[in-house]
Every structure is written in C-alpha cells, then in structure tokens.
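Enquirer: Sharing a structure here in structure tokens format.
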Amino acid sequence: DVLSYLGWNNKLPIFQDVNVRQAIALAIDRDSIIDNTLNGEAQAVFGPLPKAAFGYSEKIETIATDKYTRDTGAAKKLLSEAGWKDINKDGVVMKDGEEFSVDLWVDDDPANQRAAQVIQSQLMEIGIKITISVKEAATIIEQTPNGAHEMLLWSFGWPDSDVLNFLLFGKDKSKRLHYENEKIYSILEKGAIEMDQEARLKL
C-alpha cells in the first residue's frame, strides 16, 4: 500500500504553533480528495500508518479519526487562538501584518495535482492561502531533506513502522517533515532494534 500525505516543514516559524498544525489537519476532507482524484479507489487514513503496515493500530486510527475528521469551525477557532485572524475580510487570515500564505510542492502526477487543488480549496475555507508549485519528483526527493519546501504532497510505500523512524519522525532522520520531538525518539529507536515482534508492536 502507498500512503499519500500532506506534510510541511516543521522548522518554519509559521508551523511552530500546535494549534496551526491541528487546524490544517482539521481542514482536510480526505474522502473528498479520494473522490475527486482517485475515483474513490483509496481509503482515508488518519493515523501515521496504513492498515497493511506492521505497527498499524486500530486503536490509534480510531483516536486519530475522532480527533481529525474535518471540522472547519474548530480549525478556524484554533487559528484564531494562534493569533491568525481575517483582518482585511478578504478570506485570508493574517498575523503581525503577514498573510498565512504558503507554497505547496507536488510532483507532475495528474492525480496528485488534482489532490493539491482540492487541498488548496479546503485550506482556503479556513483562511490559509496555498500556492501550488509543480516539481519533478527527483527535485522533491533531493531538496526536501534540506528544508527547501514549505508544504508538500508526497507518499511512502514502506510497509513497516520503521518508516516512522527512518523517514518521518526519527532523530536527525525526518527527511521531509523536519519534525523534532524528544519524547518519541527513544521509542522509535528501541522499536527499530527490538527483535521480538510482539514487544516491537507495542513500541
């Protein structure tokens, strides 16, 4: 299974506030993206792993679904609490005189470009302005580890929870998201070397 995800460069100041990150998650309607780009031939995922991957947890998926099913009202409230408000009444939120405007990288796959357009429309509903930049896949792979991007629509086909450590969230290994969280580093590192599969699944 391939899992497509909307990600962003967590090192950038605009994404530092957890309210902002949660607002973006709450603005996304996964089913609408699937219906508009993949003819309904995909399954919405809310947690960090697809069902086919080792480490997938029904419990985590349920918690994530409850937390992040689309709710634009809650998303707008979170943005407002983070100081982002539609001051000019033009539909785009602002803070400290700056618009919430970010660039979304997507590759040249037509379905991904359609998905990016749906995401652009959904985020505009909560006041976030997205510009879409089409890049060659090789450019995305080469430049995102350096943090050249703001947001990206990307995917992984790694059928194991090791992807969480070696690509997404591991210490000095978060190639696309540049995510840093000391709490999960040790858990991911233990999980990467644990030989007992039951113990590893718990980690």
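Enquirer: If the elastic network links every pair of Cα atoms under 10 Å, which of Asp107, Asp96, Asp86 fluctuates the most in the Gaussian network model of the chain?
Expert: Most flexible of the set in this elastic network: Asp96.
Enquirer: In the stretch 1-105, which chymotrypsin sites (Phe, Trp or Tyr not before Pro) are in a loop and have at most 16 other Cβ atoms within 10 Å, using DSSP for the loop call? Don't skip to the answer; put the middle values down first.
Expert: Working: sites: Tyr5, Trp8, Phe15, Phe46, Phe54, Tyr56, Tyr68, Trp84, Phe100, Trp105; in loops: Phe46, Tyr56, Trp84, Phe100.
Counting only loop positions with at most 16 other Cβ atoms within 10 Å, none of the chymotrypsin sites (Phe, Trp or Tyr not before Pro) in the stretch 1-105 qualifies.
Enquirer: Now for a separate question. Could you work out how much longer the chain between Asp31 and Asn146 gets when fully extended? Use 0.36 nm per residue separation minus the Cα distance between them, nm to one decimal. Working shown, then result.
Expert: Numbers: separation 115, 0.36 × 115 = 41.40 nm, distance 3.17 nm.
Extending this stretch completely gives an extra 38.2 nm.
Enquirer: Could I ask something else about it? Would you indicate which of (i) 57, 36, 34; (ii) 49, 42, 39; (iii) 42, 31, 31 is the value of Cα extents along the principal axes in Å derived from the coordinates of this structure?
Expert: (i)
Enquirer: When the chain is treated as a GNM, springs tying every alpha-carbon pair under 10 Å, which of Gly47, Gly157, Gly97 comes out with the largest mean-square fluctuation?
Expert: Gly97
Enquirer: Whenever you get a sec, line up Met151, Met195, Met94, Met124 from highest to lowest accessible area (probe 1.4 Å, protein heavy atoms).
Expert: Met195, Met124, Met94, Met151
Enquirer: Excluding Asn19 itself, what net charge comes from residues whose Cβ is under 10 Å from its Cβ, given Lys and Arg +1 and Asp and Glu -1? Present the calculation step by step, with values, prior to reporting the outcome.
Expert: Details: positive: Arg21, Lys77; negative: Asp17, Glu81.
Taking every Cβ under 10 Å from that of Asn19, the sum is 0.
Enquirer: Collect residues whose amide H, placed 1.01 Å from N in the peptide plane, falls under 5 Å from the amide H of Asp160; neighbours closer than 5 in sequence don't count.
Expert: Here Phe54 satisfy the definition.
Enquirer: So what's the net charge close to Ala53: Lys and Arg +1, Asp and Glu -1, counting the other residues with Cβ under 12 Å from its Cβ?
Expert: That sum, taken over residues with Cβ under 12 Å, equals -3.
Enquirer: What is the gain in length, in nm to one decimal, between Asn19 and Ala138 on full extension, counting 0.36 nm per residue of separation less the C-alpha to C-alpha distance?
Expert: 39.6 nm
Enquirer: Put +1 on the Cβ of every Lys and Arg and -1 on every Asp and Glu Cβ in the stretch 125-200; which of Phe169, Val134, Leu153 then has its Cα farthest towards the positive end of the dipole?
Expert: Val134
Enquirer: Also, quick follow-up: Can you check how the C-alpha radius of gyration of the stretch 58-140 compares to 2.2 N^0.38 Å, as a plain ratio?
Expert: 1.30
Enquirer: Would you mind calculating the relative contact order of the chain from Cα pairs under 8 angstrom and at least 6 residues apart, reporting the percent as a whole number? Can you show the working numbers first?
Expert: Working: 326 pairs, mean separation 53.4, N = 203.
Reported as a whole number, the value is 26 percent.
Enquirer: Related question: Could you list, in their original order, any pairs among Lys11/Lys190; Lys11/Lys202; Lys11/Lys183; Lys67/Lys202; Lys175/Lys202; Lys89/Lys175 whose Cα atoms are separated by more than 27 Å?
Expert: Checking Cα-Cα distances, Lys11/Lys202; Lys89/Lys175 exceed 27 Å.
The values are calculated or read from the model by the stated rules, or taken from the named source; none is laboratory data. Keep in mind the model is a prediction, meaning the values are calculated, not measured. Virtual Cβ from ideal backbone geometry, glycine too; neighbours counted across all protein chains shown. In case anyone asks, the SASA skips ligands and DNA or RNA and just uses the protein heavy atoms, side chains included. Shrake-Rupley method; radii C 1.70, N 1.55, O 1.52, S 1.80 Å.
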